[in-house]
Amino acid sequence: MAGGIFSPLGSCSELEKANCHPLVCLLCHEPYQHPCLLDCYHNFCASCLRGRASDGHLRCPLCGHPSVVRGGTGLPPVDRLLQFLVDSSADSEEDVQCANCDRCCTKAELDTMYFCNTCGQPLCAPCREETHRARMFTRHEIVSLSKRTKDIHKKCPLHEEPYIMFSTEKKSMLCINCFRDMQGESRAHCIDIETAYMQGCQRLDQAVMAVKELQTSTREAIVLLKAMIEEVRNSASEEEAAINSLFSRMQEQLSERKKTLLKAVQSQHEEKEKAFKEQLAHLASLLPTLQVHLVTCSAFLSSANKAEFLDLGYQLMERLQRIVKLPHRLRPAQTSKINSEYRAEFARCLEPLLTLSPRRSVVGSAGGIGPGITGTNMLPGGQCSKTLMVPSCPPTSDKMSTGPMVKKPTMHRYISTKVLLAEGRETPFAEHCRNYENIYRMLQTEIQGLKDQVQELHRDLTKHHSLIKSEIMSEILQKSLQMDVQIAAHYSAVEMMRSVFEEVWEETYQRVANEQEIYEAQLHDLLQLRQENSCLSTITKQIAPYVRSIAKVKERLEPR
């Protein structure tokens with residue numbers, strides 16, 4: 001399987017299962033052969049990485065991190081540490097025979113075997129007690145078999161002399177000749193092998209502790225992320241159910257309001273149609289009367305003499321005047337526009353369903369990701385610090401707890417206030433907003449300071465396990481109580497301004513309503529003038545031929 005295509009691991013459990021043995025390659029699933037170390041500190045066999053480099057870069061098959069590859073081999077450098085562990089593991093699997101009694105030990109007995117670095121021979125436990133306890137072997141270096149010193153580590157390859165010193169500057173072992181050839185300044189950084197070994201063990205312990213802390217934090221982060229994934233899944237289900245439920249209720253409300261609006265439209269239609277038909281019937285009955293009297297006037301003028309005209313003409317004139325003065329509804333009493341205000345009605349029926357209410361956010365603007373843990377607790381690089389988040393407590397003031405629900409979030413309120421103040425209008429509400437922002441920023445700064453102090457105390461308790469003076473807690477509690485009093489006082493002051501602003505808002509509502517009424521009346525007057533002008537145009541077009549005819553007759557009569 002060496003060099004095969006790597007299939008990404010599906011889950012953390014598979015990753016832990018794949019990493020259960022540190023000497024097995026993740027690509028070929030075989031013991032490492034010439035392990036190579038990438039820049040992301042992942043190891044793979046040289047044969048598994050061969051041919052994967054492109055343009056001097058090699059992308060890690062596990063995490064995708066690019067590594068710079070130098071040289072013509074197209075491979076990263078060999079991991080000497082891992083190669084040493086692989087070789088040591090291979091040596092431990094070999095059969096070991098005691099050099100004194102020729103006794104072969106099994107793999108289970110390897111922990112009881114010893115090795116004499118002076119003699120270069122393995123020893124069983126009985127032979128170590130019987131033979132190497134003599135006075136002549138007192139200066140022999142006897143260690144456990146797993147810690148035997150190989151030949152490559154015994155002597156300097158350059159001078160063929162045993163190592164006696166260690167350079168903390170160059171991090172390399174030195175023989176007597178190497179030490180002699182060094183400069184005086186560099187010799188100050190040389191110590192003996194045993195001291196270097198002890199110091200190295202201490203530093204390694206410190207590094208191991210740091211890695212263990214990182215491992216613990218990583219596991220906590222994994223548990224947190226798994227919990228977040230589950231919480232996101234549950235939240236998504238709840239959100240889907242809420243959306244479906246709200247959509248169903250909206251459909252029901254809209255359907256009911258639709259029926260009501262259609263009934264209202266039908267009622268207006270019937271009412272207007274009935275009124276127009278009644279007015280039309282009245283005008284239709286008036287028209288013959290007017291026609292009869294016009295014909296009567298024409299006939300009377302043509303047939304009556306002067307005496308008859310003076311006898312009956314005034315009666316006819318009075319009758320015509322009474323007919324004209326009668327209340328005739330020549331103009332429509334109402335408009336033909338049917339207005340149900342369906343947009344406003346639909347909005348009113350949806351308003352109770354769409355009213356925003358504060359609720360817990362899964363991943364809100366503040367980056368909340370779980371109970372007691374927020375986005376501010378996530379350190380760079382994905383590390384999570386265990387800090388305490390102060391739970392939101394209900395306000396102590398009954399007035400504050402029973403006040404109107406705030407619909408707009410703080411950021412929206414802040415932006416709206418900025419826009420209002422940027423308009424530059426000096427109004428009582430603008431002055432109130434300016435004072436409010438100053439006080440709110442001061443209170444917010446003090447609250448943030450208390451949060452930082454509490455988080456620092458919690459971190460000292462949980463992470464550093466250090467003692468905390470009770471006076472500090474008392475001081476924080478005292479400050480918190482003082483802040484609660486200040487916030488309650490400021491809330492009461494703002495609440496007292498409600499009546500003043502409501503009067504202003506009511507006046508504004510009345511002014512807007514009056515302006516809307518005047519605006520509609522202006523439109524109606526313009527439409528009426530337009531209709532009158534249209535009637536004048538029609539009459540002018542009708543009498544134009546008569547005017548032209550009379551003008552022609554006048555032109556003929558003028559020469560005479």
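The values are calculated or read from the model by the stated rules, or taken from the named source; none is laboratory data. Bear in mind that the values here come from a model prediction, so they are computed numbers and not experimental data. Virtual Cβ from ideal backbone geometry, glycine too; neighbours counted across all protein chains shown. Protein only, heavy atoms only, side chains kept; ligands, DNA and RNA dropped before computing areas. Shrake-Rupley method; radii C 1.70, N 1.55, O 1.52, S 1.80 Å.
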Which residue pairs have Cβ atoms under 9 Å apart, sit 6 or more places apart or on different chains, and have a first residue in segment 187-205 that is among the hydroxyl-bearing types (Ser, Thr, Tyr) and a second that is in a strand (DSSP E or B)? Thr195/Phe166; Tyr197/Phe166
Ala242 vs. criteria within 30 Å of Leu354 (Cβ to Cβ) and surrounded by 10 or more Cβ atoms within 10 Å (Cβ to Cβ): yes
Going through segment 245-289 in order, the residues found to be among the hydroxyl-bearing types (Ser, Thr, Tyr) and either touching a Pro at 6+ places or on another chain (Cβ under 7 Å) or closer than 30 Å to Pro352 by Cα (or both) are Ser245, Ser248, Ser255, Thr260, Ser267
Considering every residue within segment 440-455, establish whether at least one is modelled with pLDDT under 80, over 18 Å from Ile487 (Cβ atoms) and surrounded by 12 or more Cβ atoms within 10 Å (Cβ to Cβ). yes
Residue check, Ser537 against (1) modelled with pLDDT of 85 or more; (2) surrounded by 10 or more Cβ atoms within 10 Å (Cβ to Cβ), all met but one. Which one? (1)
Could you identify the single residue in Ala281, Ala275 that is over 25 Å from the mean Cα position of the chain (by Cα), under 30 Å from Arg319 (Cα atoms), surrounded by 11 or more Cβ atoms within 10 Å (Cβ to Cβ) and small (Gly, Ala, Ser)? Ala275
Filter result (within 14 Å of Val68 (Cα to Cα) and surrounded by fewer than 22 Cβ atoms within 10 Å (Cβ to Cβ)) within segment 25-45: Leu37, Asp39, Cys40, Tyr41, His42
Is it the case that some residue within segment 190-206 is at pLDDT 85 or above and more than 30 Å from Lys155 (Cα to Cα)? no
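Results for (1) within 30 Å of Phe137 (Cβ to Cβ); (2) at pLDDT below 70, shown as yes or no for each residue.
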| position | (1), (2) |
| --- | --- |
| Ala18 | no, yes |
| Arg50 | no, no |
| Leu62 | no, no |
| Val68 | no, no |
| Asp95 | yes, yes |
Among residues of segment 245-272, those that are over 22 Å from Arg348 (Cβ atoms), touching a residue at least 40 places away in the same chain (Cβ under 8 Å) and open to solvent by 100 Å² or more (accessible area, probe 1.4 Å), counted: 0
Those residues of segment 288-347 that are within 30 Å of Glu520 (Cβ to Cβ) and among the aromatic types (Phe, Trp, Tyr) come to a total of 2
If the requirement is being in contact with a Lys or Arg (Cβ under 7 Å, 6 or more places away or on another chain), closer than 30 Å to Ile447 by Cα and open to solvent by less than 90 Å² (accessible area, probe 1.4 Å), which of these qualifies: Ser480, Ser492, Ser499? Ser492
Residue list for segment 159-186, filter: open to solvent by 80 Å² or more (accessible area, probe 1.4 Å) and either in contact (Cβ under 8 Å) with a residue 60 or more places away in the chain or over 21 Å from Phe84 (Cα atoms) (or both): Glu160, Glu169, Arg180, Asp181, Gln183, Glu185
Which one of Glu351, Glu308 is open to solvent by 100 Å² or more (accessible area, probe 1.4 Å) and in a helix (DSSP H, G or I)? Glu351
Within the group Gly74, Gly10, Gly4, which residue is surrounded by 15 or more Cβ atoms within 10 Å (Cβ to Cβ), out of contact with any His (no Cβ under 7 Å at 6 or more places or on another chain) and modelled with pLDDT under 80? Gly74
Selection over segment 309-349 where residues are touching a residue at least 24 places away in the same chain (Cβ under 8 Å), over 21 Å from Cys535 (Cβ atoms) and among the hydroxyl-bearing types (Ser, Thr, Tyr) yields a count of 2
